[in-house]
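Engineer: First the structure, which I've put down as structure tokens, then a few questions once you've had a look.
What follows draws every value from the coordinates through simple rules; no lab data is involved. The model shown is predicted, which means the values in this text are computed figures rather than measured ones. Backbone-built Cβ (ideal geometry, glycine too); neighbour counts: all protein chains shown.
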Amino acid sequence: MGPSRFALVLFAGFATAMMAQTHQGSPDVIRLPAPVTSVALSATSNRAAVVSSDKKLTLWDLADGRLLRTIAVATADIDVTAISNDGRWIFTGDHSGNAFIWDANTGQAQLQMRLPHYPGAACFSHDGKFIAIAPMGDPVQVFDVAATRMLYQTNAVAGGTAALAFSRDDTSIATADADTAVRVYDARTGKLVAENRDFLLEALALDFNSDGRQVLAGGGDKILTFIDAASGKLIRRLQKTDEPVSFSSLKVSPDGSLVAAILMKAENMTQPAPVVMWEVSTGQKKSQWMPPTPALGMDWTRDGRLISAGADSDSLHIWRVP
Amino acid sequence: MKPERLTRRELLLKSAALGSLTVIPTLSFDEALWAWHQSEQKPRKPTAWDEIGPFYKREAPQSVQLRRPGDPGLPVHVSGKVLDTRGNALSGAKMEIWQANHLGLYDLDGYSYRTTLVADGEGQYSFDSVMPGHYPGRVCQHIHYLVSARGHKPLTTQLYFATDPVFEGDPEHNYTRDPLIQSSDLVRPVTLTGDPSEIHALVNFEIVLERL
């Protein structure tokens with residue numbers, strides 16, 4: 001990796017930005033005063049939410065590298081960070097089970113929750129009105145963000161849920177569950193709609209296709225699998241990959257033509273693993289890119305570019321994935 | 001629990017085996033029998049939950065021999081009972097057990113170091129394996145369990161070893177060095193046995209399930 005051309009440096013609260021478009025050869029770099037512990041990207045709003053070891057949640061504008069907001073959090077021991085598509089809401093859940101939804105406009109906590117266990121996954125609905133949270137080993141809880149109340153929780157599944165996704169119209173929620181099933185629920189009621197049990201190992205990431213009729217899921221089986229969202233039936237499987245798809249790291253492009261996944265090195269999750277892109281219609285691999293440091297998150301921009309976040313000891317790197 | 005008829009010899013053997021009762025020499029046999037039953041019937045704390053981890057694989061074959069001949073690593077024999085919170089044996093409880101090999105690697109493509117066991121009529125189970133290696137990114141050596149029994153809450157948990165160097169000989173205080181360990185109760189003593197050329201480890205891990 002060559003030296004970064006873009007840097008944003010923080011000195012005692014003063015931020016200096018020098019940003020340009022992310023490109024393939026080197027990443028945009030956001031320099032942070034402390035190591036990154038958790039990241040969530042919203043390419044739609046061009047924002048990144050970053051938790052660092054100095055117990056700060058910072059919100060960044062990826063277009064120009066501006067620091068938009070700093071929020072003090074109680075601990076840097078954050079297991080899950082999520083951000084709504086519009087960048088308004090940020091979820092943080094720590095290892096003690098304390099969870100917050102922060103309002104990026106005010107920096108205040110919109111909702112504070114005490115989860116039965118630390119979270120394993122969290123996902124906002126596309127319209128940002130709801131959030132689904134999977135406490136580790138426990139049923140998924142769905143909250144109305146504006147009304148600050150829980151709407152329902154799903155039935156208990158042994159081992160809990162590893163990944164969550166809303167359909168684009170927010171009418172369905174898919175879960176990748178530890179009992180190796182992929183389940184689809186009615187997002188309004190929490191009623192189980194469909195179930196797939198074709199995985200031997202747990203799926204760790206999933207997303208709906210653009211019309212919401214299929215769920216694409218991958219994980220320990222190392223096979224990206226297409227599932228009918230209404231019946232749960234297997235539609236097709238792609239060719240086996242070298243490594244599993246990593247946690248909550250699978251996303252279908254805005255136009256639905258591509259699906260991208262961050263893989264994880266099964267023998268050592270702390271090492272970098274490839275980011276892979278496939279054509280949805282053919283199942284053919286379109287590209288594979290090896291980041292220099294483990295990819296911490298990714299998202300599609302509105303115009304169909306994939307960006308990925310990585311980090312080193314003092315900075316966040318935003319890559320455009322080739 | 002219905003009291004059972006025990007001979008003096010059986011009582012002494014059970015007490016010694018359980019380590020749960022010290023028989024005072026002045027205690028009468030009836031008093032000792034009553035005390036043993038009281039000990040058996042006291043509520044048991046449910047085994048602590050621990051996360052399932054990403055590498056659970058269903059349909060593991062039933063086998064008590066996870067260690068194949070010639071497998072490298074310290075041989076370990078794990079045994080225990082599956083009980084309810086009243087101390088009743090949960091005969092027929094299903095246990096899915098999986099672990100990394102001695103190098104800390106999980107078998108995702110096959111079923112090495114993976115098994116499905118069923119607790120016997122007295123709730124007992126055992127298997128032979130090797131001491132798992134340290135999986136990169138995890139602090140401690142561990143063995144995963146997914147245990148289910150009719151009428152009881154399924155439990156995912158992990159077994160840890162008091163001999164793990166991470167604990168520096170004091171797991172009671174140092175178990176939090178692995179942020180995934182939810183209770184020091186999950187860190188079990190290890191007994192090394194056998195002659196010097198063929199040492200193996202013995203570990204007891206009792207599982208207590210809560211009722212639904």
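Engineer: Can you compute 3J(HN,Hα) from phi for each residue in region B:67-80, using the Karplus curve 6.51 cos²θ - 1.76 cosθ + 1.60 with θ = phi - 60°, rounded to whole Hz and x for Gly and Pro?
Structural biologist: For region B:67-80, the Karplus curve yields 8, 8, x, x, 4, x, x, 6, x, 9, 10, 10, 9, x Hz.
Engineer: Moving on. For region A:167-172, in order, what is each residue's ³J(HN,Hα) by Karplus, 6.51 cos²θ - 1.76 cosθ + 1.60 with θ = phi - 60°, in whole Hz (x at glycine and Pro)?
Structural biologist: 5, 4, 8, 6, 8, 10
Engineer: Which FRET efficiency, nearest 0.05, do A:Ser96 and A:Asp211 yield, Cβ-Cβ r, R0 51 Å?
Structural biologist: 0.80
Engineer: Label A:Arg302 and A:Asp169 with points 7 Å out from Cα along Cα→Cβ: what is the distance between them in nm?
Structural biologist: Each label point is offset 7 Å from its Cα along the Cβ direction, giving 2.2 nm.
Engineer: Then there is this: Could you run the Karplus curve 6.51 cos²θ - 1.76 cosθ + 1.60 with θ = phi - 60° over region A:284-298 and give me ³J(HN,Hα) per residue in whole Hz, x for Gly and Pro?
Structural biologist: Once θ is set to phi - 60°, the couplings for region A:284-298 become 7, 6, 8, 7, 9, 10, 9, x, x, 10, x, 6, 9, x, 7 Hz.
Engineer: Something else now. At 37 °C and 0.692 mPa s, what whole-number value in µm²/s does Stokes-Einstein give for the translational diffusion of the protein assembly as shown, with Rh from the Kirkwood sum over Cα pairs?
Structural biologist: Translational D for this selection: 132 µm²/s.
Engineer: Now for a different question. Would you mind classifying region A:257-315 by shape? Square roots of the alpha carbon gyration tensor eigenvalues, ordered a ≥ b ≥ c; an a/c under 1.5 is rounded, otherwise it is prolate if a/b is larger than b/c and oblate if not.
Structural biologist: It is oblate, given that a/c is not under 1.5 and a/b is not larger than b/c.
Engineer: Please report the relative contact order for region B:75-209, taking Cα pairs under 8 Å with a sequence separation of at least 6, and give it as a percent rounded to a whole number.
Structural biologist: Over region B:75-209, the number comes to 30 percent.
Engineer: If we count other beta carbons within 10 Å of each Cβ, what is the order of B:Ser79, A:Ser42, fewest first?
Structural biologist: Ranked by crowding around the Cβ, least crowded first: B:Ser79, A:Ser42.
Engineer: Let me ask another. Non-local amide H neighbours of A:Ser253 (under 5 Å, H modeled in plane, Pro and chain starts lacking H): which ones?
Structural biologist: Amide H neighbours of A:Ser253: A:Leu258, A:Val259, A:Ala260.
Engineer: Turning to a different aspect of this structure: Among the lysines, select those whose C-alpha is under 27 Å from the C-alpha of B:Lys45, and discard any that sit fewer than 8 residues away in the same chain.
Structural biologist: B:Lys2, B:Lys14, B:Lys81, B:Lys94, B:Lys153
Engineer: Let me ask something else about it. Distances over 22 Å make up what percent of all Cα-Cα pairs in region B:76-212?
Structural biologist: 40 percent
Engineer: Please list, in order, the residues from region A:181-222 whose amide nitrogen is less than 20 Å from a point placed 7 Å along the Cα→Cβ vector of A:Leu151.
Structural biologist: Output list for this probe position: A:183-195, A:206-215.
Engineer: Per the Kirkwood formula on distinct C-alpha pairs, the Rh of region A:137-186 is how many angstrom?
Structural biologist: About 11.4 Å for region A:137-186.
Engineer: Could you tell me what percent of the DSSP beta bridges with both partners in region B:75-209 are antiparallel, to the nearest 5?
Structural biologist: Antiparallel: roughly 75 percent of the beta bridges in region B:75-209.
Engineer: How many angstrom separate the Cα center of region B:139-181 from the Cα center of region A:91-133?
Structural biologist: Comparing the Cα centres of region B:139-181 and region A:91-133, I get a distance of 28 Å.
Engineer: For A:Lys285, which lysines qualify as cross-link partners when the Cα separation must be under 28 Å and same-chain residues fewer than eight apart are set aside?
Structural biologist: A:Lys222, A:Lys233, A:Lys240, A:Lys251, A:Lys265, B:Lys57
Engineer: Let me ask you something else. With a ≥ b ≥ c the root eigenvalues of the C-alpha gyration tensor of region A:28-114, is it rounded (a/c under 1.5), prolate (a/b larger than b/c) or oblate?
Structural biologist: oblate
Engineer: Sort region A:154-290 into rounded, prolate or oblate with this rule: let a ≥ b ≥ c be the square roots of the eigenvalues of the Cα gyration tensor; rounded if a/c is under 1.5, and if a/c is not under 1.5, prolate when a/b is larger than b/c, oblate otherwise.
Structural biologist: Oblate is the answer for region A:154-290, as a/c is 1.5 or above yet b/c matches or exceeds a/b.
Engineer: Quick one: which residues, 5+ away or cross-chain, put their amide H under 5 Å from the amide H of A:Asp221? H built at 1.01 Å from N.
Structural biologist: Counting only residues 5 or more places away or on other chains, the set is A:Leu201.
Engineer: Another question, if that's okay. Residues with amide H under 5 Å of B:Ala162's amide H, sequence separation 5 or more or different chain, H placed in the peptide plane at 1.01 Å from N; which?
Structural biologist: B:Arg188, B:Val190
Engineer: Among DSSP beta bridges whose residues both lie in the protein assembly as shown, state the antiparallel percentage, nearest 5.
Structural biologist: Antiparallel bridges: around 95 percent, rounded to the nearest 5.
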